[in-house]
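The values are calculated or read from the model by the stated rules, or taken from the named source; none is laboratory data. Predicted model only: the values in this text are computed from it and were never measured. Backbone-built Cβ (ideal geometry, glycine too); neighbour counts: all protein chains shown. Areas reflect the complete protein model, heavy atoms only, side chains present, ligands, DNA and RNA absent. Shrake-Rupley method; radii C 1.70, N 1.55, O 1.52, S 1.80 Å.
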Amino acid sequence: MTGRRIIQGSILWLGVFCIFSVKAQKPVTQEAVREEVKRIDPYLRKIRGYLHEHPEVSGKEFETSRFLREEISRLGLPVTRIAGTGFYAVLDTRRPGKTIGLRADIDALPIQEHPQNLTQAKKRISKNDGAAHLCGHDGHMAVLLGAAHILHNLREHLAGKIVFIFEEGEETGTGIDAMIDALEPLKIDAIYGNHLKSNLHTGKFFIREGPIMAGTGTIAFDVVGRGGHASRPDLSVNPVFAAANILTGISIAWNNQRDITQPLTLGITQVQAGEIYNVIPNSAYIGGTIRFFNRAEAEKAFALLRKVSEHIAQAHNCTVEFRDEMGIHLNPVLNDTALTQLTRRAVEALYPGSLVSGDQYIWYAAETFSKYNRLAPTVFVFPGIKNETSGSGAEHHNDRFDLDEEALSYAVGAMVQFAVSCL
């Protein structure tokens with residue numbers, strides 16, 4: 001792809017990536033990183049607290065963006081704004097070397113926050129009605145700002161450039177394409193992202209080669225009939241019965257016509273038809289989502305959905321109109337093999353015994369981070385935030401979601417150690 005310089009999974013690539021172009025004046029030790037993380041911890045909590053109390057939903061993060069830009073500008077780093085609310089800043093060590101990207105998302109969710117987590121009252125509550133950081137993006141922003149402070153402080157011991165990426169609207173995808181276009185001229189060599197994970201304990205990390213988050217596609221179509229009075233269904237063409245049979249047909253085909261060895265979920269979430277009990281509507285809407293780890297299988301699944309829907313609708317003298325959003329929107333998040341190995345070594349060296357394994361940590365949610373591999377090899381890391389004592393551990397996008405602020409320092413340490421290991 002354009003701008004992609006990858007020798008995927010190659011040990012040669014890993015070796016080349018880690019060689020210093022110019023030797024740093026003094027190596028950065030793990031102990032030095034730990035001390036920097038300890039120093040920055042009060043700042044992390046303060047920033048996360050402010051951002052949690054002042055959330056803004058996707059595409060409308062105006063004050064959030066302003067606040068973040070001001071914090072970055074305090075370090076003297078030049079800021080480049082993207083159309084909308086996203087931006088990036090560059091730390092240039094003035095010594096030749098690789099260019100790496102570190103990314104955070106900045107949007108909140110349109111959900112009213114519950115004042116209690118799983119066991120007790122939350123320390124921080126959204127002050128903006130109808131908006132809340134219930135996925136951990138407030139923590140992501142705090143982590144990236146903390147990493148920027150530490151790496152700026154260590155800049156004399158590094159070579160190359162670090163691009164701090166603050167992405168608008170991850171939940172709805174409003175900012176990713178503009179960000180990709182803006183970053184392409186920078187010729188980034190590797191991009192690191194993280195997502196705080198609610199089913200993983202604080203101090204633990206899940207870092208896996210290959211797919212770590214699912215791709216996603218949208219199901220969106222109308223079953224079109226002919227409306228009329230409910231007293232004479234024979235004079236109408238009822239799309240409600242057709243839609244009901246389509247749902248049954250889809251579920252049967254899903255189990256019998258797909259490769260069952262390929263994980264692929266079918267989530268029908270919307271069936272909408274009619275306004276009143278005695279009127280047969282003209283149409284019925286069916287909506288939902290699929291999640292997948294193999295794009296080819298997802299394309300087959302959508303072809304199956306279309307075929308079954310059209311044929312069953314025809315049997316009911318109805319037609320099907322597929323909406324523009326019907327189809328695949330995001331590919332899975334894929335961790336580059338060599339970059340993942342580097343990251344696992346870096347995190348294990350900083351926090352011995354912190355790495356965990358297990359398919360239960362693979363996430364069926366989707367992430368716009370998947371698009372960054374158009375620019376460079378990528379690695380996406382899950383730091384844990386679960387803590388039974390403090391009551392954190394509720395599912396993401398849940399009104400009782402909360403994060404353990406102790407986890408922020410671990411996430412910052414991993415991000416900084418990744419950068420140090422590369423530069």
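Looking across 345, 400, 323, one residue alone is over 30 Å from residue 110 (Cβ atoms) and either within 19 Å of the chain's Cα centre (by Cα) or surrounded by fewer than 20 Cβ atoms within 10 Å (Cβ to Cβ) (or both). It is 345.
The single residue among 301, 273, 313 that is open to solvent by less than 60 Å² (accessible area, probe 1.4 Å), in contact with a Pro (Cβ under 6 Å, 6 or more places away or on another chain) and of a type outside the set (Phe, Trp, Tyr) turns out to be 273. The number of residues in the stretch 110-135 that are assigned to a strand (DSSP E or B) and crowded, with 21+ Cβ neighbours inside 10 Å comes to 1. From the list 70, 53, which residue is over 22 Å from the mean Cα position of the chain (by Cα) and surrounded by fewer than 19 Cβ atoms within 10 Å (Cβ to Cβ)? Just one listed residue meets the conditions, 70.
Look at the stretch 251-263: where a residue is under 20 Å from residue 211 (Cα atoms) and a partner is assigned to a loop (DSSP other than H, G, I, E, B), sitting 6+ places away or on another chain with Cβ atoms under 7 Å, you get 262/294; 263/293.
Is there a residue being among the aromatic types (Phe, Trp, Tyr), modelled with pLDDT of 95 or more and under 30 Å from residue 352 (Cα atoms) anywhere in the stretch 83-94? The answer is no, given that none of the residues of the stretch 83-94 is among the aromatic types (Phe, Trp, Tyr), modelled with pLDDT of 95 or more and under 30 Å from residue 352 (Cα atoms). When the residues of the stretch 73-92 are filtered to those that are touching a strand residue (DSSP E or B) at 6+ places or on another chain (Cβ under 7 Å) and among the hydroxyl-bearing types (Ser, Thr, Tyr), the one that is least open to solvent (accessible area, probe 1.4 Å) is 88. Being open to solvent by less than 70 Å² (accessible area, probe 1.4 Å) and in a strand (DSSP E or B) is the requirement here; does residue 266 meet it? Judged against the criteria, residue 266 is a match. Note on the stretch 65-88: residues that are in contact with a Ser or Thr (Cβ under 7 Å, 6 or more places away or on another chain) and of a type in the set (Gly, Ala, Ser) total 2. State yes or no: is residue 144 buried (at least 21 other Cβ atoms within 10 Å of the Cβ), touching a Lys or Arg at 6+ places or on another chain (Cβ under 8 Å), touching a residue at least 12 places away in the same chain (Cβ under 8 Å) and not in a loop (DSSP other than H, G, I, E, B)? Spelling it out, residue 144 is indeed buried (at least 21 other Cβ atoms within 10 Å of the Cβ), touching a Lys or Arg at 6+ places or on another chain (Cβ under 8 Å), touching a residue at least 12 places away in the same chain (Cβ under 8 Å) and not in a loop (DSSP other than H, G, I, E, B). When the residues of the stretch 276-298 are filtered to those that are under 22 Å from the mean Cα position of the chain (by Cα) and of a type in the set (Phe, Trp, Tyr), the one that is surrounded by the most Cβ atoms within 10 Å (Cβ to Cβ) is 292. Looking only at residues in the stretch 229-260 that are β-branched (Val, Ile, Thr), closer than 20 Å to residue 314 by Cβ and out of contact with any helix residue (DSSP H, G or I) (no Cβ under 7 Å at 6 or more places or on another chain), the one that is least open to solvent (accessible area, probe 1.4 Å) is 237. Restricting to the stretch 307-342, name every residue that is of a type in the set (Asp, Glu), within 30 Å of residue 242 (Cβ to Cβ) and not in a helix (DSSP H, G or I). Correct list: 321, 324, 325.
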